[in-house]
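Engineer: Take a look at this one; I'll ask things after.
Please treat every number below as a calculation from the coordinates, not as lab data. A quick note: this is a predicted structure, and the numbers were derived from the prediction, not measured. With ideal geometry, Cβ positions are generated from the backbone for all residues, glycine too; neighbour counts draw on all protein chains shown.
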Amino acid sequence: MYVVGTNTKRFKSWYSQQGIKRNNGSYWYARELEDIILPEVDLHLFIVTAGASLYKPYEVPDGAAIVCHDNRTSKKSYGRFFNKNILWVCSKHSTVENMQSYGERAAYVPLSIDTQYVKQFKRKKTKDIAYVGNAWAFKKDYLDSLPKDVVQLSDLERDALLREMAKYKRVIAEGRCLMEAQVLGAKGEVPKYNDLEAVYVEPLDSRDVIPYWHMALDEHYNSLNDTAIMRCMRTFNDLKAKKHRLLGEVFAASNDRANELLAHELKLVERL
């Protein structure tokens, strides 16, 4: 598995320039994919777990898999990668349907959390109710409408957020935060937006979703047949593919063609 995610220089460089001091839920989901789930899936597949929008289309090979973090404006975020036989791994059924409506291949894999990690923050409840989640601009009307007794928790690093969230008997949240709240012993509730989807989910441990990831990625990998993933070490004309390959370009080729290119005296490519 060749993983492009939170440990790449590109992602770390981008993050260092954002002027923020905390990582959000998407980051921690990607980290758990990289640390817990994907090491258990033994496939020679190129997958982007985070920061897909930081890459150009030629840096992601046809037939790759990309974790879809944007469930609201997916086409705007990822449209540059359409028509490349990408598998979009989605944690909402509605996002699968949305991506398929664009002619893309998409698979549903349920969202998960590291329940073992979260449990260590469980404690006695001393407070009533809180909203937990990012205070993004599109949520402003909803957040402004919440009663004054609903404490709003956001912009906290993960451990600090878990420690604070653990104090509450009731938590309004979505996705991973909703799962974490329930593991901490709170009654979970979903936000009631006017024009946004919020789905109630129960806690699911990342170790328990490994079979779902196997199923989605195995099926996609098997559809690719005999392919190798290559990266260009220099610019050259690929006569057989009738393409001008760029320095840094990542592409899929048959194993026979890969071996031909690897044997070239000018060291045109490297195998990933």
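Engineer: Read phi for every residue in the range 224-232 and hand back ³J(HN,Hα) as whole Hz from Karplus 6.51 cos²θ - 1.76 cosθ + 1.60, θ = phi - 60°, with x for Gly and Pro.
Structural biologist: Taking θ as phi minus 60°, the curve returns 7, 6, 8, 10, 10, 9, 10, 10, 6 Hz for the range 224-232.
Engineer: Now for a different question. With the crude spin-label approximation of a point 7 Å out along Cα→Cβ, what separation in nm comes out for Glu164 versus Asp208?
Structural biologist: Going from the Glu164 label point to the Asp208 one covers 2.8 nm.
Engineer: Over the chain, what is the mean sequence separation of C-alpha contacts under 8 Å (at least six apart), divided by residue count, expressed as relative contact order in percent?
Structural biologist: Answer for the chain is 17 percent.
Engineer: When ranked by the protection proxy of mean other Cβ atoms within 10 Å per residue, highest first, what sequence do the peptides 102-112, 215-225 form?
Structural biologist: 102-112, 215-225
Engineer: Using a Förster distance of 25 angstrom, determine the FRET efficiency expected from the C-beta separation of Ala135 and Lys12, and round it to 0.05.
Structural biologist: Here the calculated transfer efficiency is 0.50.
Engineer: A further question follows. If each DSSP helix of 4+ residues adds -39,500 (n - 2.57) and the sum is divided by the residues in the chain, what number results at 222 nm, nearest 500 deg cm²/dmol?
Structural biologist: One gets -8000 deg cm²/dmol as the mean residue ellipticity at 222 nm.
Engineer: Continuing with the same structure: Distance in nm between label sites at Arg72 and Glu260, each 7 Å beyond Cα in the beta-carbon direction?
Structural biologist: 4.8 nm
Engineer: If you don't mind, another one. Spelling out what I want: for every residue of the range 74-87, take phi, set θ = phi - 60°, compute 6.51 cos²θ - 1.76 cosθ + 1.60 (Karplus), and round to whole Hz; glycine and proline get x.
Structural biologist: Once θ is set to phi - 60°, the couplings for the range 74-87 become 4, 5, 5, 6, 10, x, 5, 9, 5, 6, 10, 6, 7, 9 Hz.
Engineer: Which of Arg123, Arg158, Arg176, Arg207 comes first, and how do the rest follow, when ranked by fewest Cβ neighbours within 10 Å?
Structural biologist: Fewest-to-most Cβ neighbours within 10 Å comes out as Arg123, Arg207, Arg158, Arg176.
Engineer: Turning to a different aspect of this structure: So if I place +1 on the C-beta of Lys and Arg and -1 on the C-beta of Asp and Glu, and nothing else carries charge, what would the dipole magnitude of the range 182-272 be about its Cα centre? I want it in debye, nearest 20.
Structural biologist: 580 debye
Engineer: In the chain, what percentage of the DSSP-assigned beta bridges are antiparallel, given to the nearest 5?
Structural biologist: On the way: 11 of 34 bridges.
Bridges in the chain are about 30 percent antiparallel.
Engineer: Going by alpha carbons, how many degrees (0 to 90, nearest 10) lie between the helix axis of 210-223 and the longest principal axis of the chain?
Structural biologist: Approximately 30 degrees, to the nearest ten.
Engineer: Among the listed pairs Lys75/Lys192; Lys76/Lys119; Lys56/Lys267, which are separated by more than 27 Å between their Cα atoms? All intermediate terms of the calculation are to be shown ahead of the outcome.
Structural biologist: Details: Lys75/Lys192 25 Å; Lys76/Lys119 37 Å; Lys56/Lys267 23 Å.
Correct reply: Lys76/Lys119.
Engineer: Shifting gears a bit: If neighbour count is taken as other Cβ atoms inside 10 Å, put Glu174, Glu265 in order from fewest to most.
Structural biologist: Glu265, Glu174
Engineer: Once you have all Cα-Cα distances for the range 115-203, histogram them in 10 Å bins from zero and send the whole-percent values.
Structural biologist: Once binned at 10 Å, the Cα pair distances of the range 115-203 give 18, 54, 25, 3.
Engineer: Starting from the alpha-carbon convex hull of the chain, give the projected area averaged over all orientations, in nm².
Structural biologist: That works out to 15.5 nm².
Engineer: Further question: Treat the count of other C-beta atoms within 10 Å as a stand-in for reagent exposure and order Ser91, Ser154 from fewest to most.
Structural biologist: Result, fewest neighbours first: Ser154, Ser91.
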